[in-house]
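Q: Starting off with a structure, shown below.
The values are calculated or read from the model by the stated rules, or taken from the named source; none is laboratory data. On a predicted model such as this, the values are computed, not experimentally measured, just so you know. In this analysis, Cβ positions are derived from the backbone assuming ideal geometry, glycine residues included, and neighbour counts consider all displayed protein chains.
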Amino acid sequence: MYGSNRRWTALNTSWTRIGTGNPTDARHEASSGGKSMSASDGIDDATAVKCLISQMCESFYNKGWATGTSGGVSIRIGGPTSDNSTAPWRVFVAPSGIQKEDMIGEDIFEMDMDQNIVQKPVTEGLRLSACTPLWYLVYKNRPSAKCVIHTHSLNAQMATLLDPTEQSDVFRVTHLEMLKGVGKHSYDDVLEVPIIDNRPTEDMLSDQMEAAIQKYPKCNAVLVRRHGIFCWGDSWEQAKTQLESFDNLFESAIKMRQVGIDFSAIPKVG
């Protein structure tokens with residue numbers, strides 16, 4: 001997952017998890033942010049993915065994209081191998097209702113492609129995210145996707161409100177450098193990101209989201225009005241960098257609107 005000397009654990013200390021007298025204290029401490037693991041440590045793929053998800057969640061919290069207990073990440077491994085065989089898919093899912101800056105690898109669910117739980121978190125009392133059906137929906141409709149990320153970025157939320165009527169079903173932007181970062185687009189292309197309406201819970205978004213994914217095959221994200229964004233990629237790195245690029249484009253569009261520039265129009269010069 002990472003090259004040597006790259007950290008697989010969270011960025012800070014898991015301050016609410018250690019020294020509480022819980023029987024799993026030792027395991028929590030071993031996977032907390034104060035520890036560092038590299039490829040040379042010989043840890044198994046499942047442990048690596050779980051710790052990676054915890055690190056990503058904390059990173060998004062630090063960006064302000066996962067405030068409270070919001071947001072989530074799923075990564076899957078498996079599929080075709082170098083020897084032309086096929087490894088079973090293993091899907092790793094962040095839990096619901098947990099502070100993302102405090103997450104550790106022991107909090108992650110491992111599942112199969114039929115949405116069955118294969119391995120529960122070591123941490124007791126956790127439940128699956130309401131986004132779980134949406135992770136699988138993306139994997140179904142984008143077979144090459146290996147990672148799906150959901151955040152409540154303020155820029156993503158505001159991008160869905162740039163149409164004051166709130167009737168638009170797509171966000172359009174063109175002629176910005178960061179278009180190169182979202183996949184399948186160049187500087188002078190028109191990016192179209194579908195917008196779907198919010199629902200009381202994420203699992204209720206399934207039908208709308210699947211229709212949007214199918215309607216916009218060139219886009220690797222879906223915006224949810226007044227809510228946030230779902231973004232995916234063929235690797236965790238691609239999903240993360242594309243999410244960052246989308247957020248930059250949303251922020252640019254918001255600021256362009258504030259100074260009277262139409263972010264969806266081709267500029268007269270350039």
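Q: Return yes or no: is residue 144 farther than 25 Å from residue 258 by Cβ and either surrounded by 17 or more Cβ atoms within 10 Å (Cβ to Cβ) or touching a residue at least 24 places away in the same chain (Cβ under 8 Å) (or both)?
A: yes
Q: Can you find a residue in region 215-227 that is assigned by TED's automatic domain parsing to the domain that holds residue 182, closer than 23 Å to residue 128 by Cα and assigned to a helix (DSSP H, G or I)?
A: no
Q: Let me ask another. So which of 70, 96, 74 is at pLDDT 90 or above and crowded, with 23+ Cβ neighbours inside 10 Å?
A: Checking each option against the conditions leaves just 74.
Q: Go through region 111-139 residue by residue and tally those that are without any contact (Cβ under 8 Å) to a residue 60 or more places away in the chain and part of a helix (DSSP H, G or I).
A: Residues that pass the stated criteria total 1.
Q: Give the residue that is farthest from the chain's Cα centre (by Cα), with candidates limited to residues of region 56-96 that are among the aromatic types (Phe, Trp, Tyr) and in a helix (DSSP H, G or I).
A: If we take residues in region 56-96 being among the aromatic types (Phe, Trp, Tyr) and in a helix (DSSP H, G or I), then 61 is farthest from the chain's Cα centre (by Cα).
Q: Scanning for something surrounded by fewer than 23 Cβ atoms within 10 Å (Cβ to Cβ) and within 20 Å of residue 224 (Cβ to Cβ), does region 109-124 turn up at least one residue?
A: no
Q: A further question follows. Is at least one residue of region 181-200 among the small types (Gly, Ala, Ser), touching a Ser or Thr at 6+ places or on another chain (Cβ under 7 Å), within 19 Å of residue 240 (Cα to Cα) and surrounded by fewer than 21 Cβ atoms within 10 Å (Cβ to Cβ)?
A: The answer is yes; a qualifying residue exists.
Q: Name the residue, out of 246, 263, 230, 250, that is assigned to a loop (DSSP other than H, G, I, E, B), assigned by TED's automatic domain parsing to the domain that holds residue 185 and surrounded by 13 or more Cβ atoms within 10 Å (Cβ to Cβ).
A: 263
Q: Could you tell me whether residue 150 is in contact (Cβ under 8 Å) with a residue 12 or more places away in the chain, assigned by TED's automatic domain parsing to the domain that holds residue 265 and part of a strand (DSSP E or B)?
A: Judged against the criteria, residue 150 is a match.
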